[in-house]
Amino acid sequence: MRTITLSTGKVVEVECLSCALVNGWVEPEGGTVIETKYFHAHQDVAYPIKGLIILAAKRHITCFDELTENERYDYINLLAKIRKAQREILGIEHVYYFYNEDTTHHFHTWMVPRYDWMYEFGRSVESVRPVLLHARNQKRGKEEIQEVKEAIELLRKALENN
Ligand SMILES: [Zn+2]
């Protein structure tokens, strides 16, 4: 069991946070963005970056080669669909994709939009962690969180009608 502190301050004990999220035992603060038979997309507002999406498998697997044919097809289509919405609705030009198999949770991909302020942390994979931490520690004003939530709502609506 792992103890996880949600951005609301609530402390929950779960075996796997991804399982808890995709099964609805833990509601992400921004809510679900889109859900299919095999995947679940949400934003963790603990990292207040507009348009940041976490795409998690519904099954408790960790490695890419564990995905079934149907899951692979669904995964790539969903990634592309979300990416398109990020571009069209939020004007996001570039996204970094981050996925590690040795996760303590299960299969999930971070889609981290790039904004101008992020380039001071570099342009490669090593900039992802400092960018997330900077957002979490410096960009958590009420207005900034509100903007992030509005962006989630816009993405959700765009993906619903697609
Ligand atoms: Zn899991």
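Name the residues in the range 137-161 that are of a type outside the set (A, V, I, L, M), open to solvent by less than 80 Å² (accessible area, probe 1.4 Å) and closer than 18 Å to Pro28 by Cα, would you?
Matches in the range 137-161: Glu144, Lys149, Glu153, Arg156.
Quick one: what pairs do we get from the range 116-137, first residue over 20 Å from Glu93 (Cβ atoms), second among the aliphatic types (A, V, I, L, M) and surrounded by 13 or more Cβ atoms within 10 Å (Cβ to Cβ), C-beta under 8 Å, 6+ apart or different chains?
Close Cβ pairs satisfying both conditions: Arg136/Ala46.
Applying the selection to the range 3-32, what residues are touching a residue at least 60 places away in the same chain (Cβ under 8 Å) and within 11 Å of the ligand (Cβ to nearest atom)?
Cys16, Leu17, Ser18, Cys19
Is there a residue being out of contact with any helix residue (DSSP H, G or I) (no Cβ under 7 Å at 6 or more places or on another chain) and either at pLDDT 90 or above or more than 16 Å from the ligand (Cβ to nearest atom) (or both) anywhere in the range 39-48?
no
The values are calculated or read from the model by the stated rules, or taken from the named source; none is laboratory data. Everything numeric here is computed off the predicted structure, so don't read it as measured data. For neighbour counting, all protein chains shown are included, and Cβ atoms are generated from backbone atoms with ideal geometry for every residue, glycine included. Surface accessibility is based on the protein's heavy atoms, side chains included, excluding ligands, DNA and RNA. Shrake-Rupley method; radii C 1.70, N 1.55, O 1.52, S 1.80 Å.
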